[in-house]
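Have a look at the structure below, then the notes.
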Amino acid sequence: MNPDLLEQWGNRLGPNGLPYSIPIHPNLVHLTLGLFIVAIAFDIVAALFPLERPIFKFLAIPATRSALFDVGWYNLLASAVITFFTVITGFFEISLAVPLADLKSAWGFHALETMILHGVGGIIILTFITGMTVWRGFQRYQWRKDMARQVEWSYLAAGLLIFVLMFLQGTLGAHLGGEFGIHVTADQLLNLGENPNQL
C-alpha cells in the first residue's frame, strides 16, 4: 500500500483514533444484542404459551402464539443481518486502535490479547447467530411448520447458551473501551497530556 495514502488517512483521524466522532461498532453491538435477546425471549414466551394464556387473558393482552413466534423469527433474522455489519465495523475500528500502554484488564489480559479474543469471539458469535437463524428457519418453514410449538427445546437451550457467550464477549469489549481507552476520546487526550475540557 502507498505510504502517502496511509499518512493522508492518518491525518483524518480524530482524537478518538477514528475518521468519525462516535464509534459505530458499540452501537451495532447493542442492536445485535437487543435483537437476539428479544428473539429468544419471544420464542421462550411462545413455547410456554399454554401456561401463560390465563395471564394474558387476565391482563387483556390479545397475544397469540403464532404472533409471538413471528416476533422471535423476525428479530432473529434482523440480528443475523446486523451482526455482519457489527463484526465488519469492529474489525475496521480495531485495526485503528491505539490502546493505552502497559495496562492489564480485570481478567489479567493485555490490550493485544483482549483485542484478539474479542475479534475471535465476534466471529464465533456471528457464526452461532447465523447458524441459529438457519436452524430457526428450518423449524419455521419445514420441520415444525404444522406444529403449534414452532421451536425445539434444544434450540431455546442453545439460545440461552449464546447469551452467556455474549456476556463474555461484551465484557471483553467493555475492557477495550473502559480499561484500555480504545476509541475513547477523553482517555486518548489525557494520555497525550491534553485537557479534554479545553478541546
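Under a plain spin-label model, where a point goes 7 Å from the Cα along Cα-to-Cβ, how far apart in nm are residue 152 and residue 164?
Inter-label distance under the simple model: 2.0 nm.
Assuming R0 = 45 Å, what is the FRET efficiency of residue 112 and residue 64, from their Cβ-Cβ distance, to the nearest 0.05?
Details: r = 51 Å, r/R0 = 1.13.
It comes out at approximately 0.30.
Starting from the Cα-Cα distance between residue 98 and residue 123, subtract it from 0.36 nm times their residue separation and give me the gain in nm to one decimal.
6.8 nm
Since every read-out is calculated from the coordinates, none of them should be taken as a lab result. Keep in mind that this is a model prediction, so the values were computed, not measured. Cβ atoms come from the backbone with ideal geometry, glycine included; neighbour counts cover every protein chain shown.
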